[in-house]
Amino acid sequence: MKKFVLVMMILFSSNFLFGQVGQAALPWLYFQRSPLYRGTGDIGVSNCSDKVSGFYFNPAMLGYAGKENHLSMFMLPKQKYFPDFDYPTVNFSGINIGYNLKNSFFKFPVSFGIGVIYDKMDYGYFNITKQNNSDVIGKINTYDIFKGLSIGFGFDYFLKFNIGMSIKFIESNLGKRWYNNKLIEIKDNVTALDYGFLIVAPLTELFFDKLKYRIDARSYVFPVSTLSIGASLLNYGDKVVYFDGAQSDPLPRQSLLGYTFNIGGALKIKNTVFNFIDYSFSAQVNDVLVSNTDNSSWNYKNAFADFKFFNNLIELNYDNPVYVHKGHILSLLETIKITSGRVNGEGINQDIRSGYAVSTKGVFKLLSLLINNSTIDYLFNHFEFSYFNYQINTNNFIKNDYSAFAIVFKNFAF
């Protein structure tokens, strides 16, 4: 019981870990599911680097990722949330498929994607005791689960416009307790909706399309640069009622707005484009849309109600309840990504993220150029495997280290 109380107090009450939780239920919904973005300061509303699992903060990302036909799967196996406790544990997995109609028979400049995520936070098994003494009469597993379905569409006309929407089916079970001489479950099932918008400006195509440095007749080097702006509204729904309608809790509703600028260089050899270096900077703000009232109840606020454009998004200053996220991603040879980031906000003194990713994408591209074999060429051009690792460090005792995996089947047509 003491262990349960300690874990739940840390999980739901500590500003140093969650920061923006406030008084909302289901606080674990605030967190990014992309392993790459989790290690980059929990960004993701505008960054387009993760086309596999990067749609959690912005379902419009599925429309953009659909520019390349693909079937992607990702998984974070069950891992401890706190290094010194067996529980809670976290694990999630997902799949998404993208298709570009421009490459099909229809030739429309429209792409789309569909994604599914399954996520579970398991708090462990706890004893059920009699009402008037500590005699154990059973055990119960406590957990939060959500199953999400997302869809996104992209339209390409000079700029790349993308919209998306998600629906989350959430089950929260926090055990049983005695209430009015009855043993009742502290449980609820709720539904939440997400909405997203993303616009990507391909700066190279628009302004530097003819800027190329020839190496020989079949190969040249050229710059690659994009600017993207994204916005999303997350966890829109009613409320959470565990056992008493008079004691309802709000969903962790929030609005996100951000931009990403990336610049890099690419080499084209024959028909293969090899991005040998790429750097991106992302700035993101999230506004928690739950407020307290004078009588200890709560209200939902309008989207971006507390957001100050110049102060928050340009100068990157936070103010309660707006949190500022900053993230950097350096990609080398389409094989290694190195990430770092930070979250700043009320109650967060130090929240530093870092991570890395290793992919077969660049290696497979290089080998397909060097090896003249149709079977090997098909494998290298249609499959991609990735490994992710990220860490979260605070000025308290929390230091988390997670690993995740992804596989992509791409460049198919029908």
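The values are calculated or read from the model by the stated rules, or taken from the named source; none is laboratory data. Not measured: the values here are computed from a predicted model. Note: ideal-geometry Cβ built from the backbone for every residue, glycine included; neighbour counts use all protein chains shown.
Values as computed for the structure displayed
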read-out	value
Residues that are in contact with a Lys or Arg (Cβ under 8 Å, 6 or more places away or on another chain) and either within 15 Å of residue 258 (Cβ to Cβ) or modelled with pLDDT of 90 or more (or both), drawn from the stretch 302-326	316, 322, 325, 326
Verdict on residue 126 being surrounded by 17 or more Cβ atoms within 10 Å (Cβ to Cβ), modelled with pLDDT of 95 or more, assigned to a strand (DSSP E or B) and out of contact with any Asp or Glu (no Cβ under 6 Å at 6 or more places or on another chain)	no
Among the candidates 121, 75, residue that is part of a strand (DSSP E or B) and touching an Asp or Glu at 6+ places or on another chain (Cβ under 6 Å)	121
Boolean, residue 79 is in contact with a Leu (Cβ under 8 Å, 6 or more places away or on another chain), surrounded by fewer than 18 Cβ atoms within 10 Å (Cβ to Cβ), more than 22 Å from residue 151 (Cα to Cα) and of a type outside the set (Phe, Trp, Tyr)	no
Residue list for the stretch 313-336, filter: surrounded by 18 or more Cβ atoms within 10 Å (Cβ to Cβ) and either touching a Leu at 6+ places or on another chain (Cβ under 7 Å) or under 26 Å from residue 291 (Cβ atoms) (or both)	313, 318, 321, 322, 323, 324, 325, 326
Listing of strands (runs of 3 or more DSSP E) fully contained in the stretch 256-319 that carry 1 or more residues being farther than 23 Å from residue 30 by Cα and not polar (S, T, N, Q)	272-288
Tally of residues being crowded, with 24+ Cβ neighbours inside 10 Å and either β-branched (Val, Ile, Thr) or without any contact (Cβ under 8 Å) to a residue 24 or more places away in the chain (or both) across the stretch 23-53	6
Of all residues in the stretch 194-224 being hydrophobic (A, V, I, L, M, F, W, C) and touching a helix residue (DSSP H, G or I) at 6+ places or on another chain (Cβ under 9 Å), the one that is surrounded by the fewest Cβ atoms within 10 Å (Cβ to Cβ)	211
Unmet requirement for residue 2, which otherwise passes all of (1) among the basic types (Lys, Arg); (2) modelled with pLDDT of 80 or more; (3) surrounded by fewer than 24 Cβ atoms within 10 Å (Cβ to Cβ)	(2)
Leading residue by the ranking (surrounded by the fewest Cβ atoms within 10 Å (Cβ to Cβ)) among those in the stretch 59-76 that are small (Gly, Ala, Ser) and either more than 14 Å from the chain's Cα centre (by Cα) or closer than 21 Å to residue 404 by Cβ (or both)	72
Those residues of the stretch 32-47 which are within 18 Å of residue 387 (Cα to Cα), under 8 Å from the mean Cα position of the chain (by Cα) and among the small types (Gly, Ala, Ser), in sequence order	34
Close pairs from the stretch 387-410: first farther than 17 Å from residue 40 by Cα and modelled with pLDDT of 85 or more, partner assigned to a loop (DSSP other than H, G, I, E, B) and of a type in the set (D, E, K, R), Cβ under 7 Å, at least 6 apart	410/68
Scope the stretch 78-107; condition out of contact with any Lys or Arg (no Cβ under 9 Å at 6 or more places or on another chain) and either over 15 Å from residue 411 (Cα atoms) or in a loop (DSSP other than H, G, I, E, B) (or both); matching residues	79, 80, 81, 82, 84, 93, 95, 104, 105, 106, 107
The stretch 233-285 - residue that is of a type in the set (Asp, Glu) and either surrounded by 17 or more Cβ atoms within 10 Å (Cβ to Cβ) or more than 24 Å from the chain's Cα centre (by Cα) (or both) and, of those, modelled with the lowest pLDDT	244
Residue 279 being over 22 Å from residue 150 (Cβ atoms), touching a His at 6+ places or on another chain (Cβ under 9 Å) and touching a residue at least 24 places away in the same chain (Cβ under 8 Å)	yes
Any strands (runs of 3 or more DSSP E) falling wholly within the stretch 139-220 and containing at least 2 residues that are at pLDDT 90 or above and either of a type outside the set (Ser, Thr, Tyr) or within 30 Å of the chain's Cα centre (by Cα) (or both)	159-179, 182-201
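Residues checked against (1) among the small types (Gly, Ala, Ser); (2) surrounded by fewer than 18 Cβ atoms within 10 Å (Cβ to Cβ); (3) touching a strand residue (DSSP E or B) at 6+ places or on another chain (Cβ under 9 Å):
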site: 338; (1), (2), (3): no, yes, yes
site: 354; (1), (2), (3): yes, no, yes
site: 360; (1), (2), (3): no, no, yes
site: 363; (1), (2), (3): no, yes, no
site: 366; (1), (2), (3): no, yes, yes
site: 369; (1), (2), (3): no, yes, yes
site: 384; (1), (2), (3): no, no, yes
site: 392; (1), (2), (3): no, no, yes
